[in-house]
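Below: the structure, in structure tokens.
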Amino acid sequence: MPDRLRIWIQMAVFVAIAVALGWVFLAIPNIELVTATFFLAGYFLGPMRGMGVAVVGEFLYSLLNPLGAAAPPLMAAQVFSMVLVALWGGFSGLWAEKMKSTIRILYFGFSGLLLTALFDFFTTLSFLVFAGLNQKSFIASVIYGLGFYVLHIVSNFFIFLTVVPLSIQFLQKHGRPFIVEPGPAEGIES
């Protein structure tokens, strides 16, 4: 199979996995594997291709969500945040293997914590645009949602601490026919 076709298939598979995992955990508020999937897409496919996966995957997940499509400002914040996740995953894939095992696992955990906090910040900020909130009502909405934010951030910390390293280890051992190593200019060629 030509590398170009294989790359498109890999990207499509990561998009499908992200959307499917989003729907699987839909009934459990703020417990999700979408963020980890986009991180892994960046990690294995490189920053540019990972960002492409995040744009398409998060757009489809937000648009086709069984609970209803996200409002445009929220959807923009979700897509932007997941692009950052994939970008971070892409750069992590370039140098994380050089870390000692324990440090690398902690790095993944704290990456999940930081990236999820950014996602929650940007999506909450989108309500300023969507609902016309002022600073006072924005702070009130942050305080009201604090329990959800903490659950989301802590759960993704543990997902990135456990599921991400295990997924990387599994794909490195068994996924070689699937994974094509990104080249120096990966994702930039036309």
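Derivation of every value follows stated rules applied to the coordinates shown; laboratory data play no part. Fair warning: this is a prediction, and the values are worked out from it, not measured in the lab. Every residue, glycine as well, gets a Cβ built from its backbone with ideal geometry; the counts of neighbours run over all protein chains shown.
Quick notes on this structure:
- Computed extension gain for L128 through L151, at 0.36 nm per residue and net of the alpha carbon distance, reaches 6.0 nm.
- Using a Förster distance of 45 Å, the FRET efficiency for H174-Q135 (Cβ separation, nearest 0.05): 0.35
- Farthest toward the positive end of the dipole of the chain, out of P29, A70, G175, is the Cα of G175, where the dipole comes from beta carbon charges about the Cα centre.
- Long-range Cα-Cα pairs in the chain (distance over 30 Å), rounded percent: 19 percent
- The stretch 3-174 - charge dipole about Cα centre, Lys and Arg +1 at Cβ, Asp and Glu -1, debye rounded to 20: 360 debye
- Estimated distance in nm for a label pair at I9 and L94, the labels positioned 7 Å out from Cα along Cα-to-Cβ: 2.8 nm
- Helix screen, the chain: DSSP H segments with Cα axial length of 18 Å or more and mean Kyte-Doolittle hydropathy at least 0.5 are 3-24, 47-63, 72-95, 101-131, 146-174.
- In the stretch 49-103, the trypsin sites (Lys or Arg not before Pro) that fall in loop regions by DSSP, at most 11 other Cβ within 10 Å: K100
- Net lengthening on full extension, I103/L26 (0.36 nm per residue, minus Cα-Cα): 24.5 nm
- Between L166 and Y144, the contour length at 0.36 nm per residue exceeds the alpha carbon distance by 4.5 nm.
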